[in-house]
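Before any comments, here is the structure.
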Amino acid sequence: MEWMLAPFEISFVQRALWAGVLVSCLCAIAGTWVVLRGMAFLGDAMSHGMLPGVAIASLLGGNLLFGAAASAGAMAFGVTALGRTKRFSQDTSIGLLFVGMLALGVILVSHSESFAVDLTAFLFGDVLAVRPQDLGHLVVALAVAAAVALWGHRAFVALTFDPRKAQTLGLRPRLAHAVLLGLVTLAIVASFQVVGTLLVFGLLIAPPAAATFWCNRIVTIMFGAAVLGVTATVIGLLASWHAGTAAGATIALVSVVLFFLAALGAQVRDRVRISGAGGQHAVLIAALVVALPLAGCASKPTQEEVPHGYVEGAEETAEAQSRLVVADERTGAVRVVDLITEQVTDAGSVDGVRAITGDGRFAYLTGKGSVRIVDSGAWMVDHGDHVHYYRAQARDVGAVAGDGVVNADSDPTIAAVVFDRGDTTLLDRQALDGGAVNTRAELRGGVAVPYSEHLLVAGSGRVTVKTRDGKDVTTIGPECQSPRGQAVTRRGVVFGCADGALVVTGKDGSFTGEKIPYPRAVAETDRAVEFRHRPGSTTLAAEAGDLGVWSLDVRAKKWTLLETGPVAAVNAVGEGGPLLTLTPDGILHSYDVKTGKQITQRQVLSAPITGGTSPVIEIDPNRAYVNDARGRAVHEIDYNDGLRVARTIRLEIEPAHMVETGR
């Protein structure tokens, strides 16, 4: 049974399960009336008719739930108004409104270049990214739906089976119809942002329809629909986890499959004329029918492997857990800032701290005679077709002898720490994961980078490929004189050379190198010696002395010089995004790499840079971060929105040094 229980030991899968349970119960209440009144087409139309409201709310920077509610409310009002005419059937009015609203939503989405809502996410949602506050919203919605269903039960029953009698009894069928539409709207709106409209509609229709085969009372239909919805959620999450499929779509598919199983079971029941299976026993029989797939699978248990990159005590999450490690140069205080919760963790202090670098998880802080290693507690493991995200408690790991760390790269087995003098210390990465610093080897006169289960060592004018044990494998053909600066990208490892860049790629033990020369002769003071880039991007940026900045497109194999003048910091968004620079006056600039023209600029720092350590620009797929030591703050920048300061994180220390982890 390990294969069944292991996925639900992960916190985000547990939240997905609870979201599925709450949505199943909410949809069971509203969906029963949808099925009994033949309103399935209306439910589908309302679920997809929310798109214009969601689009407008996103464009205006408003709450998506309010936009969805407004759009669904307009849809319900239109259906009610058009339904009063005798010229055509209600299905015709629903169809017209459905197509019109959906078309309007798609037009709004396609017309906006900066639209923030993904149509795929709108349809399928992201049930694995459910947050605790989302569960709270669903609990409130379920409580309201249960209260409305209980209060209007008598009127809903009369409206469903005999509207004229409902009018005679004074139950106000028109009001009951409007309240019922509101109940359906509540179920759809409360759930779509979590699980998407497809899953909402699947759980709104399939489980109640399946329950009608086995139940003959409204209450038992609701209960049976909830049982079937929960069953679909459990089976769907298990199938999604083991098969690597989309969770929301898998749950929706399973709910439909359970409908056909229930229909098949009902046919078998009718043929053998099972007696005594009335309303009191129908739910039990239905539960036994839908439990058959689980029982069959349980007879073939498999051993669940430990997720890639997992470390004892860590928690796997559904999204990146970005954090910043900052250090105060004056006091040596080190802090870890969680960019999701804004929680600040004390990570000790480093005497005489004067530099910091990171490898995606660990921060390496240069102090007096040693390099202190801090585990930020946030990291990711990229397997190309999928990514694992993890979080754990931040902690001080230990120190390694050395002075002036300039770069650090690592993979699951080894970490390479490069020093000013051009030497590299190799550390046991698994020991670091466990909280210990174990030195595996030291390479004199060579800059080493872990890559493709080997080591790429730059020194003596060549890049040599070595095994992890230090044995030579091959030497890369093009020379790389005076190597300074390196970066790991999806296209290979980039080494900065005196005459350009050398890109080394490798696969299955075979390595090749390709030179990307500078477009013109470059003085030593103007060459690229420290590359900055967004993790995963193939566009690199580097300072070009007093000339400005270099942009290197590894895919296009092209250097571009932007003559901006001296800058204090630089980084590149990549893949069509802007290049960002910070000038000594504290102004952040955004440039179009293709044209070299400035897009916009904004004053970010609280005061000009007057000496000492320069700030840095850290970039991730959505935001940029600039540390402001004198202002005791870190500024989060939306580089897609005119360099807008999205938020400012205040600190009790002066964050003179900063590095981002978790990506």
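The values are calculated or read from the model by the stated rules, or taken from the named source; none is laboratory data. This one's a predicted model, so the numbers in the text were calculated from it and none came from an experiment. Here the Cβ is made from the backbone with ideal geometry for all residues, glycine too, and neighbour counts use every protein chain on show.
Summary of computed values
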{"quantity": "Among the residues listed as Thr331, Thr341, the single one being surrounded by fewer than 19 Cβ atoms within 10 Å (Cβ to Cβ), modelled with pLDDT of 80 or more and within 27 Å of Val127 (Cα to Cα)", "calculated": "Thr341"}
{"quantity": "Single match in Thr505, Thr525 (criterion: surrounded by fewer than 23 Cβ atoms within 10 Å (Cβ to Cβ) and assigned to a strand (DSSP E or B))", "calculated": "Thr505"}
{"quantity": "Strands (runs of 3 or more DSSP E) wholly inside the stretch 532-579 that include at least 3 residues being buried (at least 22 other Cβ atoms within 10 Å of the Cβ) and touching a residue at least 24 places away in the same chain (Cβ under 8 Å)", "calculated": "539-543, 549-553, 569-572"}
{"quantity": "Tally, over the stretch 416-430, of residues that are within 26 Å of Ala318 (Cα to Cα) and either surrounded by 20 or more Cβ atoms within 10 Å (Cβ to Cβ) or outside the structural domain of Ala347 (by TED's automatic domain parsing) (or both)", "calculated": "1"}
{"quantity": "Complete set of residues in the stretch 507-536 that are small (Gly, Ala, Ser) and out of contact with any Lys or Arg (no Cβ under 9 Å at 6 or more places or on another chain)", "calculated": "Gly509, Ser510, Gly513, Ala521, Ala523"}
{"quantity": "From Asp469, Asp433, Asp403, residue being under 27 Å from Glu312 (Cα atoms), acidic (Asp, Glu) and surrounded by fewer than 16 Cβ atoms within 10 Å (Cβ to Cβ)", "calculated": "Asp469"}
{"quantity": "Single unsatisfied condition, Glu2 versus (1) loosely packed, with under 15 Cβ neighbours inside 10 Å; (2) at pLDDT 70 or above; (3) in contact with a Pro (Cβ under 8 Å, 6 or more places away or on another chain)", "calculated": "(2)"}
{"quantity": "Matching residues, the stretch 644-663, being assigned to a loop (DSSP other than H, G, I, E, B) and more than 22 Å from the chain's Cα centre (by Cα)", "calculated": "Leu651, Glu652, Ile653, Glu654, Pro655, Ala656"}
{"quantity": "Among (1) within 29 Å of the chain's Cα centre (by Cα); (2) in a strand (DSSP E or B); (3) at pLDDT 90 or above, the one test that Asn407 misses", "calculated": "(3)"}
{"quantity": "Close pairs (6 angstrom Cβ cut-off, 6 or more residues apart or separate chains): free of Cβ contacts under 8 Å to residues at least 40 places away in the same chain in the stretch 352-379, assigned to a strand (DSSP E or B) anywhere", "calculated": "Thr366/Ala355; Thr366/Val405; Ser370/Ala399; Ser370/Ala401; Arg372/Leu365; Arg372/Ala399"}
{"quantity": "The one condition in (1) surrounded by fewer than 23 Cβ atoms within 10 Å (Cβ to Cβ); (2) in contact with a helix residue (DSSP H, G or I) (Cβ under 8 Å, 6 or more places away or on another chain); (3) part of a helix (DSSP H, G or I) that Thr245 fails to fulfil", "calculated": "(3)"}
{"quantity": "Residue count, the stretch 549-566 (criterion: modelled with pLDDT of 95 or more and of a type in the set (Gly, Ala, Ser))", "calculated": "1"}
{"quantity": "Hey, Val109 β-branched (Val, Ile, Thr) and modelled with pLDDT of 75 or more or not", "calculated": "no"}
{"quantity": "Filter result for the condition that a residue is part of a loop (DSSP other than H, G, I, E, B) and either out of contact with any Gly (no Cβ under 8 Å at 6 or more places or on another chain) or at pLDDT below 80 (or both), over Gly53, Gly43, Gly61", "calculated": "Gly61"}
{"quantity": "Residue check, Pro584 in a loop (DSSP other than H, G, I, E, B) and either in contact (Cβ under 8 Å) with a residue 24 or more places away in the chain or crowded, with 16+ Cβ neighbours inside 10 Å (or both)", "calculated": "yes"}
{"quantity": "Any chance Val353 is part of a loop (DSSP other than H, G, I, E, B) and of a type in the set (Val, Ile, Thr)", "calculated": "yes"}
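A quick yes/no check of all residues on (1) at pLDDT below 90; (2) touching a strand residue (DSSP E or B) at 6+ places or on another chain (Cβ under 6 Å); (3) of a type in the set (Lys, Arg); (4) crowded, with 18+ Cβ neighbours inside 10 Å:
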site: Gln598; (1), (2), (3), (4): no, yes, no, no
site: Arg602; (1), (2), (3), (4): no, yes, yes, no
site: Gly611; (1), (2), (3), (4): yes, no, no, no
site: Val616; (1), (2), (3), (4): no, yes, no, yes
site: Pro621; (1), (2), (3), (4): yes, no, no, no
site: Arg650; (1), (2), (3), (4): no, yes, yes, no
site: Glu654; (1), (2), (3), (4): no, no, no, yes
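Here's the yes/no breakdown for (1) surrounded by fewer than 23 Cβ atoms within 10 Å (Cβ to Cβ); (2) modelled with pLDDT of 90 or more; (3) closer than 18 Å to Ser537 by Cα:
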{"position": "Asp346", "(1), (2), (3)": "yes, yes, no"}
{"position": "Asp351", "(1), (2), (3)": "yes, yes, no"}
{"position": "Arg354", "(1), (2), (3)": "yes, yes, no"}
{"position": "Ala363", "(1), (2), (3)": "no, yes, no"}
{"position": "Thr366", "(1), (2), (3)": "no, yes, no"}
{"position": "Asp375", "(1), (2), (3)": "no, yes, no"}
{"position": "Val381", "(1), (2), (3)": "yes, no, yes"}
{"position": "His386", "(1), (2), (3)": "yes, no, yes"}
{"position": "Gln393", "(1), (2), (3)": "yes, yes, no"}
